[in-house]
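Student: Supplied in structure tokens, the structure appears directly below.
Nothing in this text is a laboratory measurement; each read-out follows from the coordinates by a stated rule. What you are looking at is a predicted structure, and each value in this text was computed from that prediction instead of being measured. Virtual Cβ from ideal backbone geometry, glycine too; neighbours counted across all protein chains shown.
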Amino acid sequence: MDSTPEHPELSNHSSEQAPSQAPLQDRVAALKALEAEIRRCTRCPLHRTRTHAVPGEGNYDAVVMFVGEAPGADEDRQGRPFVGRSGRFLTHALAQVGIRREDVYITNVIKCRPPNNRDPLPRELEACSRYLDQQIELINPRIIVTLGRFSMARWFPDGRITQIHGRIKNIGRGRVAMAMFHPAAALRNPVWREQFVQDLQKLPSLIQRAQAADQAAARGEKLPAGVPHPGDPDYVEPDSGQAGQEQPSE
Ligand code: URA
């Protein structure tokens with residue numbers, strides 16, 4: 001997929017460039033180079049059993065980044081994230097809330113398939129973690145959605161998904177993270193499936209708020225009243241009436 005953004009409505013800085021951000025063309029070049037590096041990576045033993053590494057795909061200027069666990073068999077075959085059954089469910093659920101898959105960026109914590117879809121080992125997580133760090137730095141999403149245990153652990157280390165799904169947490173640098181069920185888990189459990197779509201429904205208003213705040217900031221204005229930037233300390237989760245800082249687990 002050509003990841004150049006086609007839909008400025010879901011771009012971070014559509015026509016206005018935030019002062020601190022490198023020009024989009026430089027970031028796109030760096031992301032393409034990073035993806036090429038990931039495809040050649042031999043930093044852990046998973047490179048011996050993979051067919052293709054799966055760097056990620058989507059809009060390089062996305063407001064929202066989805067971070068799954070690791071490629072499965074279909075992803076390993078095609079070199080693309082979330083293209084199997086759970087990927088089709090994710091794409092369909094996104095469409096249900098009015099978001100096109102190509103407008104977001106989708107990647108995984110681990111870029112190569114663990115044999116038989118076993119859990120990633122600490123050594124593999126460690127070897128891959130800098131790739132995700134660099135992708136986040138370059139794409140600079142306002143909203144990171146975690147799909148599954150291993151991406152959730154990065155931003156919600158003590159969280160239990162059944163308790164914290166849908167929770168929005170300020171993670172600094174103008175970003176929030178939201179924990180969601182893994183699509184494969186949602187497919188197995190009808191209640192979680194419903195909760196998955198409910199959680200996803202929070203995204204359109206989060207995106208709107210982030211864009212309004214980014215545009216105001218790019219114009220050098222103060223943040224618009226009532227539209228706090230999701231990463232701001234005064235950020236209030238839509239519809240919750242509560243501050244967007246992490247709330248203690250029940
Ligand atoms: N599950 C994941 O976590 N990631 C994929 O890309 C596919 C399935």
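Student: Got a sec? How would Met180, Met65 order by Cβ neighbour count within 10 Å, fewest to most?
Tutor: Met65, Met180
Student: I would also like to ask the following. When a/c is below 1.5 the answer is rounded, else prolate if a/b is larger than b/c, else oblate, so apply that to the range 133-225 with a ≥ b ≥ c taken from the square roots of the Cα gyration tensor eigenvalues.
Tutor: Since a/c reaches 1.5 and a/b is larger than b/c, the shape of the range 133-225 is classed as prolate.
Student: With θ taken as phi - 60° and the coefficients 6.51, -1.76 and 1.60, list the Karplus ³J(HN,Hα) couplings across the range 124-141 in order, rounded to whole Hz; mark glycine and proline as x.
Tutor: Here the 3J(HN,Hα) series is 6, 4, 5, 5, 8, 5, 5, 5, 5, 4, 5, 4, 5, 4, 7, 7, 6, x Hz.
Student: Taking Cα centroids, how far is the range 24-100 from the range 168-212 in Å?
Tutor: 18 Å
Student: For Cα pairs less than 8 Å apart in space and 6+ apart in sequence, what is the mean separation divided by the residue count of the range 37-92, i.e. the relative contact order in percent?
Tutor: About 31 percent, as a whole number.
Student: Still on this model: Under 27 Å between alpha carbons, and skipping anything fewer than 8 positions from Lys222 in its own chain: which lysines qualify?
Tutor: In chain and number order, the partners are Lys169, Lys202.
Student: Further, regarding this structure: Name the lysines eligible as straight-distance cross-link partners of Lys111: C-alpha to C-alpha under 23 Å, and not fewer than 8 places from it in the same chain.
Tutor: Partners found: Lys32.
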